[in-house]
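Since the structure comes first, as structure tokens, the remarks are kept for the end.
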Amino acid sequence: MITKDSIENLKSHLDVVDIISQFIELKKSGANFKACCPFHGEDTPSFVVSPQKQIYHCFGCGVGGDSIKFVMEYEKLSYPEAIEKLASMSNVSLQYDNDAKKVDLSIITKVNNHYQKLLVYHPNAMDYLKQRGVSSSSIEKFEIGYASSSQDTINYLKTNFLNLADAKEFGIIDTGQNGLYARFIERITFPIYTINGNIVGFGGRTITGHNAKYVNSPQTKFFNKSRLLYGYNIAKEFIYKQKTIIVTEGYLDVVMLHQAGFTNTVATLGTALTQEHLPLLKRGEPKVIVAYDGDKAGLNAAYKASLLLSHSNFNGGVVIFKEGQDPADMVVANKMDELNSMFSNPQPFIPFVIDYIIQKYNLENPQDKQQALKESNEFLKTLDPILQEEYQNLVARKLNVNSQLVQVQHFNNQRVNQVNLTSVNISELSIIKTILDNPMLLEVVKNELRPDMFETHAHEYNMLLEDINDPNLHGLMLNEHIISYTQEELDNQLKILLVPYYKKRLQQLKFDETIDFKIKARKTVELKHKLIELNQKKLIAV
């Protein structure tokens with residue numbers, strides 16, 4: 001893990017205008033900078049960046065935060081990933097806790113560079129890639145390389161004085177009965193990156209007829225194949241823009257589809273789509289297209305993926321390549337229009353699952369038909385109520401049975417709470433903004449001011465009391481239509497707020513018959529004294 005001290009050191013080097021301007025164009029606007037918001041479509045700039053407060057806020061969609069939050073949202077990164085990205089952008093070194101900081105993180109990059117250079121000198125490997133239709137630009141784009149003999153990799157590590165223990169940590173080499181050996185031998189290599197551009201492992205394709213056609217790096221603390229998608233680091237920009245991600249089965253499928261213009265394509269790493277992949281798939285909330293081979297293994301994988309994705313409420317569907325073809329073959333055959341049509345019209349996940357279940361059974365056999373109905377019912381009951389209703393008739397039609405036999409769970413409609421739009425009280429908001437601009441005033445003001453004294457914006461004031469740096473208050477801080485008071489103005493505004501409050505309390509007390517006479521008399525004196533005090537003294541020393 002990244003140490004707390006190095007994160008604080010990084011924050012001290014960050015400038016929000018400098019960081020955000022590396023992603024979008026900012027224009028000076030008074031003391032601030034403005035742009036069209038990158039998080040929602042707009043023609044009039046409502047995205048404001050404050051160099052003084054080191055925050056941004058969009059008055060159109062409400063997003064806001066600091067440099068770290070912007071990179072997390074814009075690049076769809078986790079907090080640690082954003083920290084590493086910003087450290088790289090700002091040329092700031094990060095420190096890691098004991099386990100991670102001992103490893104030379106650059107070693108795997110150096111090995112990848114070595115494999116890339118070796119590819120040029122191995123004609124068999126180059127011939128294989130050419131036969132598969134891989135262009136020189138794709139070889140460069142995906143950094144495809146070649147791992148030759150085991151001894152070559154070990155010699156490279158030793159000759160360049162690279163730490164062998166670090167190479168083991170990354171799964172590049174290991175120790176066997178006969179000593180050190182390299183994991184990748186006589187294989188075309190495909191480097192695998194994390195979303196923020198760190199290489200963590202390899203996929204390797206044999207060209208010598210080895211029984212294992214493809215192998216991946218072993219599980220390490222850096223490499224978990226169930227959380228990674230090959231090509232995502234290259235495809236992510238296009239995924240976010242197109243709001244669609246194509247998930248295939250193989251490295252060459254990704255390479256060739258990118259080569260054909262389908263630049264939002266990724267692949268699982270020789271494993272089925274798992275629950276651990278879902279956070280990565282959710283980034284940018286794209287439609288997910290599962291594009292698998294039409295053989296038994298591919299259909300089964302597509303079924304399992306469809307179950308997983310339908311239960312997690314993903315939009316998208318399934319594309320199956322039949323007649324022994326795969327995406328890479330279709331690109332070589334120049335079938336781009338056909339590919340485009342297939343990706344544009346996938347079969348939705350739920351109908352695919354229903355078809356997969358029903359096609360397992362012989363519907364001419366009553367017992368099989370009953371079993372198909374039972375399994376279909378079980379699947380439907382795992383879905384949301386509206387989806388159950390939607391697909392009840394589909395199952396009935398496909399099985400040619402009465403729709404009443406397709407059982408769904410009925411839920412009572414719940415009343416949706418109406419959202420009341422809060423009116424705006426500029427003077428109350430200006431009080432809050434003044435405190436945000438001058439945090440030292442908070443200790444003085446909170447002695448006089450409680451949330452219940454605000455008629456309109458008690459919620460915002462309560463947020464301020466709980467955390468003056470709450471990101472939800474950034475919009476208020478950057479709102480140019482709400483002024484920030486001087487100390488004298490703040491004093492007057494507090495009186496304007498508090499005097500009516502105490503007068504109202506006094507009036508309520510007068511007509512309250514539930515309070516003991518002596519207590520009422522004492523409280524009346526206290527409230528009258530408070531009103532006199534408010535009129536005579538300054539609450540905020542100027």
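The values are calculated or read from the model by the stated rules, or taken from the named source; none is laboratory data. Keep in mind that this is a model prediction, so the values were computed, not measured. FYI the Cβ positions are ideal-geometry reconstructions off the backbone, even for glycines, and counts take in every protein chain you see.
Quick notes on this one:
- Residue in the stretch 22-42 that is closer than 30 Å to residue 105 by Cα and in a helix (DSSP H, G or I) present: no
Here is a yes/no grid of residues against (1) touching a Leu at 6+ places or on another chain (Cβ under 7 Å); (2) assigned to a helix (DSSP H, G or I); (3) among the acidic types (Asp, Glu); (4) surrounded by 15 or more Cβ atoms within 10 Å (Cβ to Cβ):
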residue: 93; (1), (2), (3), (4): no, no, no, no
residue: 119; (1), (2), (3), (4): no, yes, no, yes
residue: 124; (1), (2), (3), (4): no, yes, no, no
residue: 138; (1), (2), (3), (4): no, yes, no, yes
residue: 155; (1), (2), (3), (4): no, yes, no, no
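Conditions tested, residue by residue: (1) more than 11 Å from residue 67 (Cα to Cα); (2) at pLDDT below 90; (3) surrounded by 15 or more Cβ atoms within 10 Å (Cβ to Cβ).
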{"position": "14", "(1), (2), (3)": "no, yes, yes"}
{"position": "20", "(1), (2), (3)": "no, no, yes"}
{"position": "23", "(1), (2), (3)": "yes, yes, no"}
{"position": "34", "(1), (2), (3)": "yes, no, yes"}
{"position": "37", "(1), (2), (3)": "yes, no, yes"}
{"position": "55", "(1), (2), (3)": "no, no, yes"}
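- Filter result for residue 515 (assigned to a loop (DSSP other than H, G, I, E, B) and free of Cβ contacts under 8 Å to residues at least 40 places away in the same chain): yes
- Every listed requirement among (1) outside any helix (DSSP H, G or I); (2) in contact (Cβ under 8 Å) with a residue 60 or more places away in the chain is met by residue 310 save one, (1).
- Selection from the stretch 390-406 of residues that are surrounded by 13 or more Cβ atoms within 10 Å (Cβ to Cβ) and either at positive phi or within 31 Å of the chain's Cα centre (by Cα) (or both): 390, 391
- Matching residues in the stretch 224-262 - criterion: being over 19 Å from the mean Cα position of the chain (by Cα) and assigned to a loop (DSSP other than H, G, I, E, B): 249, 250, 260, 261, 262
- The number of residues in the stretch 445-463 being touching a residue at least 40 places away in the same chain (Cβ under 8 Å) and crowded, with 17+ Cβ neighbours inside 10 Å comes to 4.
- You will find that of 68, 24, 55, the residue that is of a type in the set (A, V, I, L, M) and touching a His at 6+ places or on another chain (Cβ under 9 Å) is 55 and no other.
- Candidates 381, 335, 360 - the one that is among the charged types (D, E, K, R), out of contact with any His (no Cβ under 9 Å at 6 or more places or on another chain) and surrounded by 15 or more Cβ atoms within 10 Å (Cβ to Cβ): 335
- Some residue of the stretch 524-540 being assigned to a loop (DSSP other than H, G, I, E, B) and touching a residue at least 60 places away in the same chain (Cβ under 8 Å): yes
- Taking the stretch 320-338 as the range and being in contact with a helix residue (DSSP H, G or I) (Cβ under 8 Å, 6 or more places away or on another chain), without any contact (Cβ under 8 Å) to a residue 40 or more places away in the chain and not in a helix (DSSP H, G or I) as the test, the residues that pass are 320, 321.
- Residues of the stretch 152-196 satisfying the condition of being acidic (Asp, Glu) and touching an Asp or Glu at 6+ places or on another chain (Cβ under 8 Å): 166
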